[in-house]
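Worksheet for the structure shown next.
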Amino acid sequence: MTKYFTNLIKSLKKVSLIDYEVFGHMRRTGDLKLMQELNRSIILDTIRKEGPISRSDIAKLINISPTTVTSAVNDLIQEGYVREDGVGFSSGGRKPVLLRFNPNTRFIIGVSISNSSIKISEMNLEGHIIRKEIHSTNLSQGQDIINLIIKMIKQFLESKENLELCEGISIITPGIVNAKKGIISYNTKLKLYDIPLKQMVENEFGIPTFLDNDTNAYVLAENYFGSFKKYKDLVYITIGDGVGSGIMYNGQIIRGYKGSSGELGHTTIVRGGQKCECGNEGCLENYINWPAIYSQVVTALMTRGKETIIRNLIEGDINRVSPAVFVKALNEGDTLCYQIMEEIVSHLSTSITNFIHLLNPEVIILSGEIVQENSIFLDLLNKYVSKQVIPILKDEVNIQPTSLGAEFEMLGAAAVILQEKYQFTI
Ligand SMILES: [Zn+2]
């Protein structure tokens, strides 16, 4: 796909309907091929989302002539992206043949990098995992981890035939990423600064490569695969060792000038508070991340006379204190865990209220081990935020858990590539 074409799609996404002026202009300048490609993408996306669907229903739905639909569908069938599947209802005359997206005709490679692991998988065009490997980073940093990533991809692809059917490699990573240029700009934990990873991987394998920040990928995945397909204004917040967010506004990822949008974890919550690794003081992440919770739990366990169910759950082994144990104790009515949780919620609710006042998202999606199976946390957070927002927004507060499930990383990687290549919602 040409760069020009991608940019055109992006500019068209900004208008609410297909701008026929643009098409008129294209026709005049004779750029029919471009128009055909655009139509084809819209038709494929419609079949993916609405299928099984007949040719005539596609034409009606997206307001394109039946002849154009038929011609594009013929190509798509020939290339294997679409297949005919049964017949539909007819009120008279011939029953229409139904079309369905065929996700298995090509494959994609997803790579998810974290501080501790590199996950690689082969997926079909719906993000279903065909094969997956998880490797430890062995605490590699800097050039070492880059070498390791390329080595892992190489090993993974070695046994794979038909590499020409690979639609691309999609890499997601924490930190500040320049997705357009494919550069990891800044990642203090992995000591990566200005690494042109997209170019490096493309040079090595000759396969189109995509790179994005992980939370941006997750918000895309919630919108592409998850329960939030109908939403256009979403915020995705992840709470783990760090705290990050991905922001989608009017169906587009908000990246900012340097690609650093959504650094929620480093917004100041306590003036003159705890020193943060970013150099600032009082950043949100230091008050609500897992290490903060862990240290409070361990301090309580070591304090004589402090009662907590966790003591029984871990059977005296402090190494067994985990987010799952914490949530279990909370669900069993543990007072200590409730107090810790309430403090976290009070910090987080302030940040989320600020988010709502600045961006007015339709939904805020939370993820992270501490949020899983934790309705107490979500209910409390919804309550606190509802109290803090301006009255007109009170009833609109909508904070929900992630819908992506255990393979969220791979779905994130898949969403980055599929969104870029196929989702041309105008
Ligand atoms: Zn910070």
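On the accessible surface of region 41-174, probed at 1.4 Å, how many percent belong to carbon and sulfur atoms? Reported share for carbon and sulfur atoms: 47 percent.
The residues of the chain have, on average, 50 Å² of accessible surface per residue, using a 1.4 Å probe with all protein chains present. The relative contact order of the chain comes to 15 percent, based on Cα pairs under 8 Å that sit 6 or more residues apart. Over the chain, dividing the summed -39,500 (n - 2.57) contributions of all DSSP H runs of at least 4 residues by the number of residues returns a 222 nm mean residue ellipticity of -13000 deg cm²/dmol. Electrostatic bookkeeping for Gln339 treats Lys and Arg as +1 and Asp and Glu as -1; over the other residues with beta carbon under 14 Å from its beta carbon, the sum is -3. Dipole magnitude for the chain: about 980 debye, using +1 per Lys or Arg Cβ and -1 per Asp or Glu Cβ, origin at the Cα centre. Put a plus charge on the Cβ of each Lys and Arg, a minus charge on the Cβ of each Asp and Glu, and nothing anywhere else: the dipole of region 111-270 about its Cα centre is then about 320 debye.
In this structure, the amide hydrogen of Ser54, modeled 1.01 Å from its nitrogen in the peptide plane, lies closer than 5 angstrom to those of Leu99, counting only residues at least 5 positions away or on a different chain. Taking the DSSP bridge list for the chain and keeping only pairs wholly inside it, about 65 percent are antiparallel. Sorting 182-189, 40-47 by their mean Cβ neighbour count within 10 Å, with the most densely packed peptide first, gives 40-47, 182-189. Spatial offset of region 186-200 relative to region 49-68 amounts to 44 Å, using the alpha carbon center of each. Taking the Cα centre of region 248-296 as origin and assigning +1 to Lys and Arg Cβ atoms and -1 to Asp and Glu Cβ atoms, the resulting dipole is close to 140 debye. In terms of its C-alpha gyration tensor, region 173-256 has an oblate overall shape, because the principal axis ratio a/c (a ≥ b ≥ c, square roots of the eigenvalues) is not below 1.5 and a/b does not outweigh b/c. When the alpha carbon gyration tensor of the chain is reduced to an equivalent ellipsoid, its three semi-axes come out at 42, 25, 21 angstrom, largest first.
Our estimate of slack between Ser91 and Ser260, defined as 0.36 nm per intervening residue step minus the Cα-Cα distance, is 55.4 nm. When only Cα pairs below 8 angstrom with a gap of at least 6 residues are kept, region 336-426 shows a relative contact order of 32 percent. Remark: region 85-95, residue by residue, has Karplus-estimated 3J(HN,Hα) of 8, x, 10, x, 7, 9, 7, x, x, 5, 6 Hz, where x stands for each Gly or Pro and the curve is 6.51 cos²θ - 1.76 cosθ + 1.60 at θ = phi - 60°. Our note on the geometry: Cα centres of region 243-314 and region 93-148, 29 Å apart.
The values are calculated or read from the model by the stated rules, or taken from the named source; none is laboratory data. Since the structure is predicted, the reported quantities are computational estimates derived from the model, not experimental observations. Positions of Cβ are generated from backbone atoms using ideal geometry, with glycine treated the same way; all protein chains shown enter the neighbour counts. Only protein heavy atoms, including side chains, enter the accessible area calculation; ligands, DNA and RNA are left aside. Shrake-Rupley method; radii C 1.70, N 1.55, O 1.52, S 1.80 Å.
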